[in-house]
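Have a look at the structure below, then the notes.
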Amino acid sequence: MKDMLTIIYEELLQNSLINEKITADRIGYYVYVEDKDHTKTFMIIEPLGPPLPGVVGSDKELNVQHTFQIDVQGTDRKELKVIQQQVKAVMLSLGYGQLPEGLDEWLPDVNRYVDARRYRGLTKLYDTDY
């Protein structure tokens, strides 16, 4: 069985700018467990539901639809924008398009910015093992 969460994680780490700005241990699934250094940028990859049937034909699922939210949080607002541009490029290369929902806010209770974007994509035909 394939795991799209892992595929996305590995592809993001292959991007040199993302890898330079965010180390692998600062990318979390679902939630990010805070460490003592609150000034470093981190990323959260979160599925927004289980995989859904995409195209169906002859009573058979032919591909799968996934929806994810990718949050980048940190103290440098401009750095978050640069990282999210790279995230978007990676997601486009995986066949995901950006959805209109998301966040672009300052979180005063934790003193950092959040840029959260949502992506939806379909796997290739006959790629249904998720």
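Readers should treat all values here as calculations from the given coordinates under stated rules, not as data from a laboratory. If you're wondering where the values come from, they're calculated on a predicted model, not measured in any experiment. Note that each Cβ is placed from the backbone with ideal geometry, even for glycine, and that neighbours are counted across all protein chains shown.
The fraction of all Cα pairs in the chain landing in successive 10 Å bins from 0 to the largest distance is 12, 43, 30, 11, 3, 0, given as whole percents.
Only Cα pairs under 8 Å and at least 6 apart count here; give the relative contact order of the stretch 4-122 as a rounded whole percent. Please report the intermediate quantities before stating the final value.
On the way: 206 pairs, mean separation 27.5, N = 119.
Worked out over the stretch 4-122, it gives 23 percent.
In this rough spin-label picture, where each label sits 7 Å from Cα along the Cβ direction, the Tyr32-Glu11 distance is 2.1 nm.
Using a simple charge model, +1 on the beta-carbon of Lys and Arg, -1 on the beta-carbon of Asp and Glu, nothing else, what dipole does the chain show about its Cα centre, in debye to the nearest 20?
Working: 15 positive and 21 negative charges, 71 e Å.
Computed about the Cα centre, the dipole is about 340 debye.
Gly102: net charge of surrounding residues, Cβ under 13 Å, Lys/Arg +1, Asp/Glu -1, itself excluded? Write out the running numbers ahead of the final one.
On the way: positive: Lys81, Lys88, Arg117, Arg118, Arg120; negative: Glu46, Asp71, Glu101, Asp104, Glu105, Asp115.
The answer is -1.
Summary of packing: across the peptides 15-24, 38-47, 113-122, the per-residue average of other C-beta atoms within 10 Å ranks them, highest first, as 113-122, 38-47, 15-24. Of the residues Trp106, Tyr119, Val72, the one whose Cα sits farthest towards the positive end of the charge dipole of the stretch 1-125 is Tyr119 (charges of +1 on Lys and Arg Cβ, -1 on Asp and Glu Cβ, taken about the Cα centre). Quick check: the distance between the Cα centres of the stretch 1-36 and the stretch 63-130, to the nearest angstrom? So the separation of the two Cα centres works out to 12 Å.
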